[in-house]
Every structure is written in C-alpha cells, then in structure tokens.
Amino acid sequence: MFDLIFLSIVGMAELGIDFSRAGRERPLNQPTSQVDVTAFGAVSGDGLDDAHAINAALDQLKDTGGTVLIPKGEWQLDSIVYVKSSHTTLMGNPDGGTILSIPKTLADIYGEDPNWSWSAGFINVSPEGSGDLLGYTSGTCKDGATQLRVDWKEEPEVGEWVQLWWYNDTGTDSLLRWLYGEHVPENRLGKELQNSTSRRVSTWVQVLSVEEDTLGVDPPLPLPIEEAWDVEVRRVPHVFGSSIRHLTFNFKEYPYPGHLKERGNNAIQLSSAVQCEVSDITIENGDSGIFLGNCGFTTVKDIFIEGRTMHHPISLSWCSHCLVEDFIINAQHIHGTTISWSSHYNVFRHGQGVDLAMDSHRAYSFRNLHEHIKVICTDKPKQPLRSGGKWERGLHSARENAYVDIEFVFNGDGPPFAVANLNEWPMGYFANWYGNRTLIMKQGFPNQQIKDVGVKPSLDE
C-alpha cells in the first residue's frame, strides 16, 4: 500500500524521488541462542538496578548474536543498557507487561550534561570500533547513479555496507547551493555550514560490485557527485540486524524543566544502526523518546508516547532511508518528528500527535516524506511546521521535503488556519492538507509546490 500511495500522490509532483526503500528491508535473521535476564540476577519488582543483569545477558551473546528476553514484570534501570552487537534482539513479553521503571535521570546518574537534551537513552544501540577511509571518488556522477569511480586506498568486500561522505567546497558553496536550490540567497545557506570543513552529507550504501576503479552500489546515489565535493568512501562500524521490541518505559514524573534544560529521561538511542528495528514501544513521561543518529534502513514502528511535555519524541539526525510508522504522540512537545543534519530519504507515515510539530531542524535535511499524518489540535492550535535549530545552520528545510495527506482535527469550528513558515521550505512539496477548518497555505518559494489544499485524498486503504 505504501508504494501505491507514493505513486498516486507524490508521483504526480514529478519529483522523481522513490521513497519506497525506507525502512528495514532484510529479515532480522536472529541466531537461535536465547537467554533470560533472570538467569543473570534480574529480579522483578525488588527496587534494585536490573541494568547490570541485562548487560551481562547481552554480553554473553556479543560474539554470536541472539535474543535477550525480559519477562513480564517491572524491572528497574539505574544505568544504561548497551546493545553493541549485530543480530541481537532485546525484547520484552510480546503480549505486553514488560515495564522498565526508571526513577532517576541520566543527569542524576552520570552528572549534568547539556547533551542529555538531544542525545543518549537508557537503552543505547551503538557499535564498537573505529572506521577507515577506503578511497576517494573521481569524476562526476549524476543524481541516482549506481556506478562510481574510486581511487582506492583499500577495496571493500562485495556485500559490505559502507558510507559515502560529501564535503562542501568552502567559499564557492556549490554543495550547499545544490541542497537548498537556486532561489535561496547566500545569506540563508547558514554561516556555520559555509565555514565548516567537516562532512556535510553521508549516506549508507551496500557494495554490489568492485571492478578495478569502478564501485557498484545500492541504493542509488541520493545526490550527485562533483569533483569539488571531495566525496569519500568510508568503512563505518555499525550494528546490523538488531532490534528492540515489546517494552514500556515508565519514567518517574517530574515537572518539565524547560527547553534545553532536560535532564535525560530518554528512552532509546540508536547510533550507526543498519537494517535494525525498534517496535512495540511505549514511553511514559520522557524528556525525549527515540533518537536515531547516523542510521540507515532502520524501521521504528508501533510507538506510543504519552505524559507531560517533552523535547524530542522521535528524532532522526544524519539518517538515510529510515522508516517511522504507526506512531502516536499524546504528549505536548517542543519538536515532534525531527529530521536534521543531512537526513534524507526517510519516511514518517501513519502517525498522529497532539499539536504535532513536523520539525525540520535546519542543517539541510532533504528529500524526506511525511505521509498520512493526523495533527490533533488543542484549543490553541500550534503551527505544524514549527521547527528548531540554530539560525547559523541555514533554512529549516533543504530541497524536496514532501508532506502528503496531512489531516487536521481542530477542536470545534473556528476561523481559517494559516500555515506559517512555508518560506523556510525551498522546493518543498505539500499536497492534500485538509481538516475540519479551512486551511490557508501561501507559496513561500517559486519552486515550491502546494496542491489540493482542503482536499482529502481518495485512496482505498
């Protein structure tokens, strides 16, 4: 059905962007090894830290992969649980009732740190090791190419997952200009980005072939290659084919401390995860919910978030081809569904949120899709495109972010609702925004497309 929706709606925009690849494409293929955390000393409901037992269970499977079972019950976390190995599942009872009780914040346990506001979680999926530079691309490639020439330092193996890194040509800024499009003036490209010499875009690809200086990759390139952009091929440590499933995070409730003052009631962070999955997760009274950083082809689904005001319910940074679907955010928030730092070809679909913020957090995220989203408005509706990020990191959105089939449920009749911030979305695509009040959407750029406002899409789902 997702492919049908893409072809029938987004395809009409003639964007030429295939979002159907988002999310985990490979079976998890878990090894048969299974361990139960109670065999490592975890005791439900005793008021003592069970993270040590869970980590011990995970450590036993670090070389083989397998499944760590947390039975039905209430299990206390006073420290972080680390999933470092591939083909590893950490799961609760599939029928529910596995509750992770978290009485302390990360700041209480590890000390004050501003990073708790935008990173870390009580379950941390991240690899060990360091990466390697494999080579530099030579010549140019078109957007969507699958063959590129490389001057090798070390050749990768066929089947291996690697990253491509793009760099901006500081001073000329042609990469930034491609990302934002021709109608964005130089003073809106973002001074921090223009001055930076670090990577600007990274994407995950699988090596299909290596024939002398020719590299074949899948998926196709998400943007062109120009010689001035110094594109690198890199081996990056990653967790492959692991999952977190069937868990409820119950944080001790305390008043929201304020924006950028959060103390780390964060549920899950995935870093450099490829072909992984997070599913059937409930989060109560968190500061933030689920962070994905530098992930590829990873699915987050069946997520329910509730409680007091929070910072980032679901956030993607430096991510490519990830899928977030079937989510409910029943908590007020600063940023809702976040894309940032060159995230691209990611999809948020079949979700809803109270005063949902579809947050494009500056730093040139491009070619992402929000589709079939419901915004539940309170008495004083908030702007659905309200977004964060430092001014020095450019416009909120880079090119061709698409928002399709967005329904607004207002609390009764009222005046027309004007959607703001469209002048931050160059080359944006907005189709079938509708609700029980009149919506007003005014074009913010000449190359921005706004279609069928007030029209519910006629799809047989």
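Read-outs: derived from the displayed coordinates by stated rules, not from any lab. The structure displayed is predicted, hence computed values, not measured ones. Heads up, the Cβs are rebuilt from the backbone with ideal geometry, glycines too, and the neighbour counts pull from every protein chain shown.
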Summing Lys, Arg as +1 and Asp, Glu as -1, what charge do residues with Cβ under 14 Å from the Cβ of Ser315 carry, Ser315 excluded? -2
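When you count, for each residue, the other Cβ atoms within 10 Å and take the mean per peptide, how do 364-372, 220-228 rank with the highest first?
Values: 364-372: 25.2, 220-228: 17.6.
In decreasing order of mean packing, 364-372, 220-228 become 364-372, 220-228.
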Give the Rg (one decimal place) followed by the Dmax (whole number) of the chain, computed from C-alpha coordinates and expressed in Å. 22.0, 66
Projected onto the charge dipole of the chain (unit charges on the beta-carbon of Lys, Arg, Asp and Glu, signs +1, +1, -1, -1), the Cα from Leu48, Ser33, Val455 with the largest positive-side position is that of Val455
Computed about the Cα centre, the charge dipole of the range 132-235 from +1 Lys/Arg and -1 Asp/Glu charges at the Cβ has a magnitude in debye, to the nearest 20, of 480 debye
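Of all beta bridges DSSP finds with both residues in the chain, what is the antiparallel percent, to the nearest 5? Before the final figure, lay out each step's value.
Numbers: 26 of 124 bridges.
For the chain, the DSSP antiparallel bridge percentage is about 20.
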Interchain or long-range residues, amide H under 5 Å from His333's placed H: Met310
For Lys62, the lysines lying under 19 Å Cα to Cα, once residues fewer than eight places off in the same chain are dropped, come out as Lys84
Among the aspartates and glutamates, which have Cα under 16 Å from the Cα of Lys261 when same-chain residues fewer than 8 positions away are ignored? Asp108, Glu112, Asp113, Glu253, Asp287
Starting at the first residue of the range 16-29, write each ³J(HN,Hα) from the Karplus equation 6.51 cos²θ - 1.76 cosθ + 1.60 with θ = phi - 60°, in whole Hz, x for Gly and Pro. x, 10, 9, 8, 6, 8, 5, x, 5, 9, 9, x, 5, 6
For the range 241-246, in residue order, the Karplus 3J(HN,Hα) values (coefficients 6.51, -1.76, 1.60; θ = phi - 60°; whole Hz; Gly and Pro = x) are x, 9, 8, 10, 8, 6
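When Lys and Arg each count +1 and Asp and Glu each count -1, what net charge do the other residues less than 11 Å away from Pro237, Cβ to Cβ, add up to?
Working: positive: Lys84, Arg234, Arg235; negative: Glu128, Asp132.
That works out to +1.
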Under-5 Å amide H pairs with Arg349, H placed in peptide plane, nonlocal only: Val324, Glu325, Asp326, Glu371
Compute the relative contact order of the chain as a whole-number percentage, counting only Cα pairs closer than 8 Å that sit 6 or more residues apart in sequence. 13 percent
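In which sequence would Trp165, Trp152 go, from the one with the fewest C-beta neighbours within 10 Å to the one with the most? Mind showing how you got there, number by number?
Working: Trp165 20, Trp152 14.
Fewest-to-most ranking of Trp165, Trp152: Trp152, Trp165.
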Report ³J(HN,Hα) in whole Hz for each residue of the range 54-67, in order, from the Karplus equation J = 6.51 cos²θ - 1.76 cosθ + 1.60 where θ = phi - 60°; Gly and Pro get x. 5, 5, 5, 5, 5, 5, 5, 9, 5, 8, 10, x, x, 10
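Per residue and in Å³, how big is the convex hull formed by the alpha-carbon atoms of the range 179-305?
Numbers: hull volume 22.8 nm³, N = 127.
Considering the Cα atoms of the range 179-305, their hull volume per residue is 180 Å³.
Any number yet on Rg/Rh for the range 132-235, C-alpha, Kirkwood?
Reported Rg/Rh (Cα atoms, Kirkwood Rh): 1.00.
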Which of the lysines could be linked to Lys374 by a straight reach, that is with a Cα gap under 20 Å, when you skip same-chain ones fewer than 8 residues away? Lys301, Lys382, Lys451, Lys456
